[in-house]
1. Mind checking the full-extension length gain between residue 18 and residue 36? Use 0.36 nm per residue of separation minus the Cα-Cα distance, one decimal, nm.
2. Does anyone have the angle between helix 3-40 and the longest principal axis of the chain? Alpha-carbon axes, 0 to 90°, nearest 10?
3. Based on C-alpha coordinates, I'd like the Rg and Dmax of the chain, in Å.
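Every number here is computed from the coordinates shown, using simple stated rules; none is lab data. Bear in mind the structure is a predicted one, so any value in this text is a computation, not a measurement.
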């Protein structure tokens, strides 16, 4: 495996992980907002 291919695969794995992390944080923030909204009613 060439160095460029290995580097590409590592970057692809990191990008996928970061994307899932950001998506998870978005869900957590959304749930927090819903809880605040519910408490305000």
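1. Using 0.36 nm per residue and subtracting the Cα-Cα distance, I get 3.8 nm.
2. Taking Cα atoms only, the helix is inclined about 0 degrees.
3. For the chain, the Cα-based Rg and Dmax read 17.9, 60 Å.
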